[in-house]
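Just so it is clear, none of the values below were taken in a lab; they were calculated from the coordinates. Since the structure is predicted, the reported quantities are computational estimates derived from the model, not experimental observations. Counting neighbours? That spans all protein chains shown, and the Cβs are built from the backbone with ideal geometry, glycine included.
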């Protein structure tokens, strides 16, 4: 197997691992697969810069589609988390400013129970 084919295989494996981590909601595996994906992309970029890229258009188009699908899945997970946080009275949004430029406090956390 050529070095180029091995780099493409590593990228494909990292994308598959990333998808499995997203489906399994495994944050640590997601971080590992993302690091592996970035390392494989750096390898491929280095090969392209050295002129050793060969014809990458076909394989990279397929891998780019897998990456977009993973991105859509990640966006969906993020929306689910934000929905749950909103319903628990939490929000990730940055503070808003009122007309006078002061930080506006949004509604406080919703109490789920009173002791």
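Stokes-Einstein diffusion coefficient for region 3-91 at 25 °C in a medium of 0.890 mPa s, Rh from the Kirkwood formula over Cα pairs: what value in µm²/s?
172 µm²/s
Determine, from the Cβ-Cβ distance of residue 66 and residue 39 and an R0 of 22 Å, the FRET efficiency 1/(1 + (r/R0)^6), rounded to the nearest 0.05.
Step by step, r from the Cβ atoms, then E = 0.85.
Which FRET efficiency value, to the nearest 0.05, is calculated for residue 32 and residue 102 with the Förster distance at 41 angstrom and r the Cβ-Cβ distance?
0.40
Say R0 is 25 Å: what FRET efficiency, to the nearest 0.05, do residue 6 and residue 75 get from their beta-carbon distance?
The computed FRET efficiency comes out at 0.25.
How far, in nm, would the chain grow between residue 83 and residue 23 when pulled straight, counting 0.36 nm per residue and subtracting the alpha carbon separation?
19.8 nm
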